[in-house]
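The structure appears right after this line, and notes come after that.
The values are calculated or read from the model by the stated rules, or taken from the named source; none is laboratory data. For clarity, every value in this text was computed on a predicted model and none was experimentally measured. We place every Cβ from the backbone using ideal geometry, glycine too, and count neighbours over all the protein chains shown. The accessibility values were calculated without ligands, DNA or RNA, using every heavy atom of the protein model including side chains. Shrake-Rupley method; radii C 1.70, N 1.55, O 1.52, S 1.80 Å.
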Amino acid sequence: MRSTLYLEHGFDQTMVADIADRAGVTARTFFRYFADKREVLFDKAGEMAEKSLAALEAAPATASTLAVVAAALDAAADLVGQDRERARQRHAVIMANADLRERELIKLAHMSAALADGLRRRGVDDTEAVLAAEAGAAVHRVAFERWAADDDLDLRDAIRQSFQQLRTLTAAG
């Protein structure tokens, strides 16, 4: 597991040389794939954004804005939800380090901005696009926490349930 060294020694105490050695490569080879040791934890962000945006663009033109965001999150769940233990380890490492938590929030903000841009390209007005994308980011965070804590819960189901709770909350207002 990629996060194992960070869990064993702590993020700050783990050096690139340690990671490269564990992977059976040189530090030079490591840097061909990663800009720094933080990127080991965030290497799937680009792929997750691509899958999400592709799902957003493929959603039917008649779909509601939140349904389109739900489709994007569903596509992200395919990637994130493949390995619960890796996701738990990654999350534990990130939560134990303030700089990594900040980086995670920045990556999520970029993802939300990309979703809002995708919604605008679909003709959604600016305010609705931003609100829907931010709501989707909140749903993703809540669903991920639930999924990581519950071995019997599928990530896609957690996302659907969280969206339903959001709809219930907004309908009650």
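Residues in the range 17-30 that are loosely packed, with under 15 Cβ neighbours inside 10 Å and part of a helix (DSSP H, G or I): how many? Residues meeting the conditions: 7. Residues that are surrounded by 19 or more Cβ atoms within 10 Å (Cβ to Cβ) and under 12 Å from the mean Cα position of the chain (by Cα) do occur in the range 106-114. The numbered conditions (1) at pLDDT 95 or above; (2) in a loop (DSSP other than H, G, I, E, B) are all true for Ala54 except (2). Against the numbered list (1) open to solvent by 80 Å² or more (accessible area, probe 1.4 Å); (2) at pLDDT 95 or above; (3) outside any helix (DSSP H, G or I), Val124 comes up short only at (1).
Residue-wise test of (1) without any contact (Cβ under 8 Å) to a residue 40 or more places away in the chain; (2) in a loop (DSSP other than H, G, I, E, B); (3) open to solvent by 30 Å² or more (accessible area, probe 1.4 Å).
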| position | (1), (2), (3) |
| --- | --- |
| Leu7 | no, no, yes |
| Ala35 | yes, yes, yes |
| Thr62 | yes, yes, yes |
| Val68 | no, no, no |
| Ala72 | no, no, no |
| Ala76 | no, no, no |
| Arg90 | no, no, yes |
| Leu119 | no, no, no |
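Right, Asp152: outside any helix (DSSP H, G or I), out of contact with any Gly (no Cβ under 8 Å at 6 or more places or on another chain) and open to solvent by 70 Å² or more (accessible area, probe 1.4 Å) or not? In short, yes.
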